[in-house]
Amino acid sequence: MSIITLTSDFGRLDYRVSAMKGKILSLNPEVNSVDITHDIQAYNLIQTSYIVRNAYKYFPSGTIHIVSVDSFFHKSRKNILYKADGHYFLAADNGLLSLVFFDIKPEAIYEITLNNRFDDVVNFTSTDVFVPVAVHLANGGLPEVIGRKIESAKQLLFPKPVYNEPEKMIIGEVMYIDNFGNIISNINKDFFETLAKGFESFTIKFRNLSLSKIYSSHTELVVDWERETEYHGQSAAIFNDSDQLELTIYKGSKKNGAKTLFGLNVGENIYIEFF
């Protein structure tokens, strides 16, 4: 069975998500549509790229992913199809897919020409463009039928951490805050470990706070599980399941997690100083 995933900044209150699913069923009732999320902050491409990048890998090769974020139609902006890492991705040509695949070269990029005739009216990109293309691919159709191959699409620079050699310091930034209030940075494990080899210790600094240990999971800091409740509210740094440096409060939430207690916002700096 073919799979089409749906990601958007539409939320759940309005009709748009249901319209997408209804259109898929109308074109092919055998297609399995799966929600990744519809709670993306409006037009937030960095947040979208983090979620899509970490979710799509769990789907089978050949899955088709509709990413409707900052996707409202304008004739001057292309809609594109990426074939990358064995999957298909449909999005507006707004740079989003370059953020998802900042370290992976796409196998092919297509400008969608399905609705490019002079008399075509596009009221809602997701139902009028993305869904028909996705179902075409799900039915075994070729990308060349609905688009023309292009060399490149709009590129955005993914914010990467830098190393300040004179200061012996990594300078990163907050790129995402999850549903538990955890603060995810753009500092990945490989980058940190490569630089840490020449030093004995380090300190993670943010705002006026600091941490000096990185755990491998949220629960590693609990050394006595019989007293697990005593660790509730403890602050920690971990490398999460995406190998990104994360600041967390054990058993925290949106109301009392790291975002609230540390006061950090997306785009603020996190520093790792080596000694």
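The values are calculated or read from the model by the stated rules, or taken from the named source; none is laboratory data. As the structure is a computational prediction, the values presented were derived from the model and not from experiment. Because the Cβ atoms are built from the backbone with ideal geometry, glycine has one as well, and the counts that use them run over all protein chains shown. Protein only, heavy atoms only, side chains kept; ligands, DNA and RNA dropped before computing areas. Shrake-Rupley method; radii C 1.70, N 1.55, O 1.52, S 1.80 Å.
Check PHE206, PHE192 and return the single one that is within 27 Å of PHE102 (Cα to Cα) and in contact with a helix residue (DSSP H, G or I) (Cβ under 9 Å, 6 or more places away or on another chain).
On the way: PHE192 fails: in contact with a helix residue (DSSP H, G or I) (Cβ under 9 Å, 6 or more places away or on another chain).
It is PHE206.
When ASP103 is tested against (1) assigned to a loop (DSSP other than H, G, I, E, B); (2) closer than 22 Å to ARG148 by Cβ; (3) open to solvent by 10 Å² or more (accessible area, probe 1.4 Å), just one condition goes unmet, and that condition is (2).
If you check ALA134, ALA153, which single one turns out to be part of a loop (DSSP other than H, G, I, E, B) and open to solvent by less than 20 Å² (accessible area, probe 1.4 Å)? So that I can check it myself, show each step before the final result.
Working: ALA134 fails: part of a loop (DSSP other than H, G, I, E, B).
Selected residue: ALA153, the only one of ALA134, ALA153 that is part of a loop (DSSP other than H, G, I, E, B) and open to solvent by less than 20 Å² (accessible area, probe 1.4 Å).
Once region 1-32 is narrowed to residues that are among the charged types (D, E, K, R) and at pLDDT 95 or above, the residue that is nearest to SER49 (Cα to Cα) is ASP9. PHE180 satisfies every condition listed in (1) outside any loop (DSSP other than H, G, I, E, B); (2) open to solvent by 60 Å² or more (accessible area, probe 1.4 Å); (3) among the aromatic types (Phe, Trp, Tyr) except (1).
Residues that are within 22 Å of VAL266 (Cα to Cα) and open to solvent by less than 70 Å² (accessible area, probe 1.4 Å) within region 189-209 comprise LYS189, PHE191, PHE192, THR203, ILE204, PHE206, LEU209, listed in sequence order.
Which one is farthest from SER2 (Cα to Cα), of the residues in region 77-90 that are outside any strand (DSSP E or B) and at pLDDT 95 or above?
Step one: filter region 77-90 for residues outside any strand (DSSP E or B), giving 77-78, 85-86.
Now restrict to residues that are at pLDDT 95 or above: 85-86.
Working: ASP85: 17, GLY86: 14 Å.
Filtering region 77-90 for residues that are outside any strand (DSSP E or B) and at pLDDT 95 or above, the one farthest from SER2 (Cα to Cα) comes out as ASP85.
Restrict the check to region 53-66 and report whether at least one residue is among the aromatic types (Phe, Trp, Tyr) and in contact with a Phe, Trp or Tyr (Cβ under 6 Å, 6 or more places away or on another chain). Give the derivation first.
If we filter region 53-66 for residues that are among the aromatic types (Phe, Trp, Tyr), which is where we start, we get 56, 58-59.
Those left that are additionally in contact with a Phe, Trp or Tyr (Cβ under 6 Å, 6 or more places away or on another chain): none.
Among the residues of region 53-66, not one is among the aromatic types (Phe, Trp, Tyr) and in contact with a Phe, Trp or Tyr (Cβ under 6 Å, 6 or more places away or on another chain), which makes the answer no.
Among the residues of region 40-76, just one is farther than 18 Å from LEU156 by Cα, modelled with pLDDT of 95 or more and of a type in the set (D, E, K, R), namely LYS57. In the set (1) over 21 Å from VAL145 (Cβ atoms); (2) open to solvent by 10 Å² or more (accessible area, probe 1.4 Å); (3) of a type in the set (Phe, Trp, Tyr), the condition left unmet by TYR56 is number (2). Pairing each residue of region 247-260 that is within 20 Å of VAL223 (Cβ to Cβ) and touching a residue at least 12 places away in the same chain (Cβ under 8 Å) with any residue that is assigned to a loop (DSSP other than H, G, I, E, B) and open to solvent by 80 Å² or more (accessible area, probe 1.4 Å), provided the two are 6+ apart or on different chains, yields C-beta distances under 9 Å for THR248/PHE180; ILE249/PHE180; ILE249/HIS232; TYR250/HIS232; LYS251/PHE180; LYS251/HIS232; GLY252/PHE180; GLY252/HIS232.
Filtered by the rule that a residue be of a type in the set (Phe, Trp, Tyr) and farther than 15 Å from THR248 by Cβ, region 198-224 gives PHE199, PHE202.
Can you pull out the residues in region 183-216 that are free of Cβ contacts under 8 Å to residues at least 40 places away in the same chain, among the polar types (S, T, N, Q) and not in a loop (DSSP other than H, G, I, E, B)? Lay out the reasoning, then the answer.
Step one: list which residues in region 183-216 are free of Cβ contacts under 8 Å to residues at least 40 places away in the same chain, which gives 191, 193-194, 197, 208, 210-216.
Then keep just the ones that are among the polar types (S, T, N, Q); that gives 194, 208, 210, 212, 216.
Correct list: THR194, SER210.
Considering (1) touching a residue at least 12 places away in the same chain (Cβ under 8 Å); (2) within 18 Å of ILE40 (Cβ to Cβ), the lone condition that ASP178 does not fulfil carries the number (1).
Would you check which residues across region 29-53 are touching a helix residue (DSSP H, G or I) at 6+ places or on another chain (Cβ under 7 Å), open to solvent by 30 Å² or more (accessible area, probe 1.4 Å), over 17 Å from SER71 (Cα atoms) and not in a strand (DSSP E or B) and list them?
Within region 29-53, the first condition is being touching a helix residue (DSSP H, G or I) at 6+ places or on another chain (Cβ under 7 Å), and the residues that meet it are 31, 33, 36-38, 40-41, 45-46, 48-49, 52-53.
Next, only the ones that are open to solvent by 30 Å² or more (accessible area, probe 1.4 Å) stay: 33, 36, 41, 46, 53.
In the following step, the residues that additionally are over 17 Å from SER71 (Cα atoms) were identified as 33, 53.
Scanning region 29-53 gives a single hit, ARG53.
This table checks each residue for (1) polar (S, T, N, Q); (2) modelled with pLDDT of 95 or more; (3) assigned by the TED database to the domain that holds ILE51; (4) touching a Gly at 6+ places or on another chain (Cβ under 6 Å).
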site	(1), (2), (3), (4)
ILE187	no, yes, no, yes
ILE204	no, yes, no, no
SER217	yes, no, no, no
VAL222	no, no, no, no
THR229	yes, no, no, no
PHE239	no, yes, no, no
LEU247	no, yes, no, no
ASN256	yes, no, no, no
LEU264	no, no, no, no
